[in-house]
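Okay, so here's the structure we're looking at.
The values are calculated or read from the model by the stated rules, or taken from the named source; none is laboratory data. Here the structure is a predicted model, which is why all the values come from computation and not from measurement. Note that we place each Cβ from the backbone using ideal geometry, even for glycine, and neighbour counts take in every protein chain shown. Areas reflect the complete protein model, heavy atoms only, side chains present, ligands, DNA and RNA absent. Shrake-Rupley method; radii C 1.70, N 1.55, O 1.52, S 1.80 Å.
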2 protein chains.
Amino acid sequence: MNPDITRERQNASFDVEKLTYILDGGPEKTKRRRQIEALVFSDPDFNEDDPNFLSRSERYDQAVRKSAQMILKLREYGIADPEEIYHYKSMVKGNQQEPFGLHVVMFIPSLRRLCDPQQAKKWLPLADSFQVLGTYAQTEMGHGTHLRGLETTATYDPATQEFVLNSPTVSSIKWWPGGLGKTSNHAIVLAQLYSLGNCHGLHAFIVPIRDMTTHQPLPGIVVGDIGPKFGFNEVDNGFLKLENVRIPRENMMMKYSKVEPDGTYVKPPSSKLTYGTMVFVRSMIVGESARALSKSCTIAIRYSAVRHQSEIRPGEPEPQILDYQTQQYKLFPLLSMAYAFTFVGQYMTEIYHRISEDINQGDFSQLPELHALSAGLKAFTTWETNSAIEVCRMSCGGHGYSRSSALPDIYVEFTPTCTYEGENTVMMLQTARYLVKSYRQAEKGQQLSGIVSYLNGSQNRRVQPQAVASRRPLVDINDLSSLVEVYQQRAATLVEMAAKSIQQELQRRKSQEDAWNNSAIDLVRASDAHCHYVVVKVFNDKLKGVGDTAIHSVLSTLALLYAMHGITKNSGDFLQAGLVSVPQVLQISVRIKELLSQLRPNAVALVDAFDIHDKKLNSVLGRYDGNVYENMFEWARRSPLNAAEVHESFQKYLKPLRSKL
Amino acid sequence: MNPDITRERQNASFDVEKLTYILDGGPEKTKRRRQIEALVFSDPDFNEDDPNFLSRSERYDQAVRKSAQMILKLREYGIADPEEIYHYKSMVKGNQQEPFGLHVVMFIPSLRRLCDPQQAKKWLPLADSFQVLGTYAQTEMGHGTHLRGLETTATYDPATQEFVLNSPTVSSIKWWPGGLGKTSNHAIVLAQLYSLGNCHGLHAFIVPIRDMTTHQPLPGIVVGDIGPKFGFNEVDNGFLKLENVRIPRENMMMKYSKVEPDGTYVKPPSSKLTYGTMVFVRSMIVGESARALSKSCTIAIRYSAVRHQSEIRPGEPEPQILDYQTQQYKLFPLLSMAYAFTFVGQYMTEIYHRISEDINQGDFSQLPELHALSAGLKAFTTWETNSAIEVCRMSCGGHGYSRSSALPDIYVEFTPTCTYEGENTVMMLQTARYLVKSYRQAEKGQQLSGIVSYLNGSQNRRVQPQAVASRRPLVDINDLSSLVEVYQQRAATLVEMAAKSIQQELQRRKSQEDAWNNSAIDLVRASDAHCHYVVVKVFNDKLKGVGDTAIHSVLSTLALLYAMHGITKNSGDFLQAGLVSVPQVLQISVRIKELLSQLRPNAVALVDAFDIHDKKLNSVLGRYDGNVYENMFEWARRSPLNAAEVHESFQKYLKPLRSKL
């Protein structure tokens, strides 16, 4: 154990184990999580080469092997609880992804959701036994978010009772679905349905794409991998070009709408059920943000405790880089963010389960709020985390750039969350739509409830600008509840400004749609402020439930830092709205420095509490024992470029070069 | 040619070719640059596979081949002008790096700088003929910025007249030097010199590391590649462990200091000459920022003109995504930044050459200013560009994440500039040291000249806070010169605040060093504001020399956008200092929207003017002809994972899995 890091742990003011229980949701959960982790990490079947030492094809190969193993093990151990499966998988994956992901997360659930009983009876056993390996093929090369724009066609032929599927243009080639390139032998294909000369819009079809015995692509199918990406090297995101591919009528997924043998189209009863899956996945991504950020902070803070560099006082030994104020200012606000997002992730899960139950009992009233919340928080937390991971990486100096640090892997595997499951700007605008609608309802005197209830008061504020000045002395910058209030009022102001911008555009005789587009900057800003408010509020609410005094104290410091740092970073907003004064902004800057000093002795303990197993972290810089340098040397020597002392290029190019000069 | 992009070009209000001349520094330079590019791109010897399709070892191999070719070609064509060599190299490299880089950029110049005449006579011909391939080994695993902390030792043995070199600890292993792992057979090693029992500090030694015939590592040398990184896959950044390695006394580089045969150490005459190289490299990096950002903007803006998505008005065709206000708000400020940084890069080059001439004539008076400027602007432009590349990538939706977009490559090759040649936070603090020193000089009544002359007035402002209020009406937010003034005053305010923070810490009886560290956040912020001011000022100055009315008009729009966007992003600073009023901040937000609309028709033409060859850009999304989708499909099909229709993992893991379930 590195002596620096041992000393750090001795200086902590709280019981790390107890904080881990809070983060896991109780000691029982911590215990079970560790049991599951031990199952994976003690299992020689999951031994592997560092993926960074392998070619793309070898990485894919290793990942398929591990995924196949995992399926067998989960059945062997009888692990069936979704949360436990999630932990098990997460340990198997490490910092990488798995090629079967969509079979389990999208293909099987879609079969359940969209098959009629007869279809379900046929397809589910095939999928559960991995005879059929499937994916969900929605996006096309030229079409993402906007479903109505998809171009793939499925035309019914009553003569043979078949659908004929086509990719009529290059831009209509299915593009991106995970596992489509090499792994799957079936795909649920979203296509525009044509029957008897009419287009009936988008429907889902089960399309066999590879022979179930030979795995060769079937006639009319052009399928393959879309090529190397920033990350996701383990996943064969694929393309699929359909050339007059015929499938039986029964392969249209017929739970809601049908095509009769004669080609008659039967409309679905109106349904909003797809809504639920999206909301669920986005809620999960909020938690993913917290985990990616926790990993990154663990690495950067442990390394900063071990690394010595330069000098603060001449003649003294080089200090730990964690003693530099600039290093603390880079990392501790991100640490506070990691805690904030962890609690917001828990909050999203709770609220999702609560509202899901309502929905199951036929009460859809909370769905719009849940939808707006999950969309906005997905965007807010992924954008913040995306930048934060890179700050963590760069705070490790050159070594952060080495793949041995794991930070490059964490970044490239995380950054797609800003785009998939709803592109972030689009998400922010969806949340804004809900906020502006709520604002207008309040304007009309309707009493809002739930998270947007703060918009009830906006109208009064607007007509009394002097009220702003009179509110000012009420803000106690050292009181977190007061800061929550301030964030709330900032959100209210920005929602109002966005709504007014639309109003002004309309008064200039712009159409509703152009008015919306011309106010989009303000709308995104309003959503951002709303989400920021929710995060600060959730952190504050969480504190109320923490009984342990020492833990309450350190979490309060983190929460204050999170809130204050957000104010300094956005001080223009707060000053403009008259929510804080110029002297208060200066006081906050001073207080932030004090909070950094207060957190310094607890920094390592606070990342230890995330309790991320060394094998999951897979980072030489972030090791629990702090023995960075020996292990970095050992890792480098295993690198494939060192397999031979002399690289072949010496004989091929370097030696001949001399003689030619 | 894609019809959308053709239409965009028809709508431009200015002559693209003329703007290219301005960016290149004149039509002659443009012509010559294009000749050089044509030499590379028409040369079949530089044909290559997409590096993203190759393994690390294959990438290194291909890069060595290209570098060796390049050396022969440069001699063949007689290209010797440094700027022309730079262009030629830059085209050969594409978006990647080259393994010989340090031989030319560091090893040979160091030989020139540090060898005495006899040594130069021996080593330079060997290096010029690539018999000796060298690198510069300074950083160690545990030591970067802080040179005094380096641990490698060179102990003189008078008995044999040799130096004995050692890596006494794991952390002392040389780490990171480019070309050290596999390519070089010599290294200039920085080590603590010991002679006759005394340590004389850091000195440079020429150390043979591999046999010049067999290329095998020499006795006592443990050398290799440090393993995979985020980018720089073409470069064998290496490690070097020295175990009692003996080199002749003559291999100490003896231009300035010496060890006599009997071990007597001869001190160097005091010298600040190394200063110059660092300043030069940092100045160059400012230009690299501009180029990386120009490439990224070219890709994102062309793609945004070709990509259609969603709907603004229901029922109408999907609009180009460049018509969304949010997309314009993401990209156009970055486009304005690309222009700003291009002009700052030109400015740094000019100022470097001017001051270098002064230095050659013995006038060192401008060196501190140049040093502060190059350090700060290096940090400012690389940090801004680093984030900006990722914004460009994410603005391309999912396809930005594909390696075919080139944006992942541009990012991973660029991001090390934030760390190497002076870690950015350290750079900002060096600039701050100069600013605070200048501020104190002005405080004492000294009249400052040069770029910091604006600090002359600070003292008067400080004692007359009401002066702030009286200045306010002078700011005309639509006048760029007025905005330059506002940026200047913001910088002055923040330098003053940082200086005061140090003062307050000293009054609390902190030592100078602790006072500095406890004010580091404010110091970085002051440097940042100073650099931001310089950028806005340089952009404004550049406009004065632009004669063409149409170009002057569009560049003025860009400059205003750059300045205004910076104010909204940092509105807290400007409001706090009373430099703009709340209504003005709101006006600026409205004006920014107008500027985005004004720039919209010129956006594609403005990136065309960067004139980046398709083969240099190497981006499917950023192609000049806009034919994105066909080429993306073609690229994907060439991807190695598609070499076989059925991947071997099917037989190995997927088929067996079925039977086991």
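A compact table of results
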item: Solvent-accessible area, 1.4 Å probe, carbon plus sulfur percent, for chain B; result: 52 percent
item: Neighbourhood net charge (12 Å Cβ-Cβ; Lys/Arg +1, Asp/Glu -1) for B:P217; result: 0
item: Calculated P(r) tail over 22 Å for the range B:546-648, as whole % of Cα pairs; result: 58 percent
item: Shielding of A:163-172 by partner chains, average beta-carbon count, 10 Å; result: 2
item: Exam field: A:P219 pseudo-label spacings to other copies (7 Å along Cα-Cβ), nanometres; result: 7.4
item: Sequence-separation-based contact order of the range A:101-267, relative, with Cα cut under 8 Å and 6+ spacing, percent; result: 25 percent
item: Local electrostatic count at B:Y324 - Lys and Arg +1, Asp and Glu -1, tallied over other residues with Cβ under 13 Å; result: -1
item: Whole-Å semi-axes of the ellipsoid equivalent to the range B:101-267 (Cα gyration tensor, √5λ, descending); result: 24, 19, 14
item: Values of log10 I(q)/I(0), in the order q = 0.10, 0.11, 0.12, 0.23 Å⁻¹, for the range A:1-104 under a Debye, Cα-only, solvent-free model; result: -0.40, -0.48, -0.55, -1.19
item: Cβ charges +1 (Lys, Arg) and -1 (Asp, Glu), total dipole of the range A:29-163, debye; result: 560 debye
item: DSSP bridge orientation in chain A - percent antiparallel, rounded to nearest 5; result: 80 percent
item: Where GluC sites (Glu not before Pro) fall in DSSP loop in the range B:494-590, at most 14 other Cβ within 10 Å; result: none
item: Partner chain coverage, peptide B:412-422 - average Cβ within 10 angstrom; result: 3
item: A versus B: buried accessible surface, summed, Å² (probe 1.4 Å, to nearest 100); result: 11400 Å²
item: The range A:192-301: GluC sites (Glu not before Pro) in DSSP loop, at most 15 other beta carbons within 10 Å; result: A:E243
item: The range B:48-99 - Rg over Rh from alpha carbon coordinates, Kirkwood radius; result: 1.01
item: Sparse-neighbour loop sites [chymotrypsin sites (Phe, Trp or Tyr not before Pro); the range B:1-76; at most 12 other C-beta within 10 Å; DSSP]; result: none
item: The range B:338-467 - Rg over Rh from alpha carbon coordinates, Kirkwood radius; result: 1.11
item: Reachable lysines, given that their alpha-carbon falls under 28 Å from the alpha-carbon of B:K18 and they are not under 8 places away in the same chain; result: B:K29, B:K31, B:K89, B:K93, B:K295, B:K330, B:K537, B:K542, B:K544, B:K593, B:K615, B:K616
item: Computed over chain A: relative contact order in percent, which uses C-alpha pairs under 8 Å that are six or more apart; result: 15 percent
item: Cβ-Cβ FRET estimate between B:K500 and A:I79, R0 fixed at 56 Å, reported to 0.05; result: 0.40
item: Alpha-carbon centroids, the range A:406-439 and the range A:55-123: separation in whole Å; result: 25 Å
item: Residue-normalised accessible area of the protein assembly as shown, given per residue in Å² at a 1.4 Å probe; result: 37 Å²
item: Cβ-defined net charge surrounding A:A340, 10 Å radius [Lys, Arg +1; Asp, Glu -1]; result: 0
item: Leading residue at positive end of dipole, the range A:101-267 (Cβ point charges), from A:F163, A:L133, A:L242; result: A:L133
item: Chain B: C-alpha pair distances exceeding 33 Å, %; result: 55 percent
item: Charge dipole of the protein assembly as shown about the Cα centre (unit charges at C-beta), most positive-ward option of A:P44, B:P208, A:L335; result: A:L335
item: Computed label-point distance, nm, for sites B:S553 and A:V646 using a 7 Å Cα→Cβ extension; result: 6.7 nm
item: Fraction in percent of alpha-carbon pairs per bin - 10 Å, the range A:162-216; result: 20, 49, 25, 5
item: The protein assembly as shown: C-alpha pair distances exceeding 58 Å, %; result: 16 percent
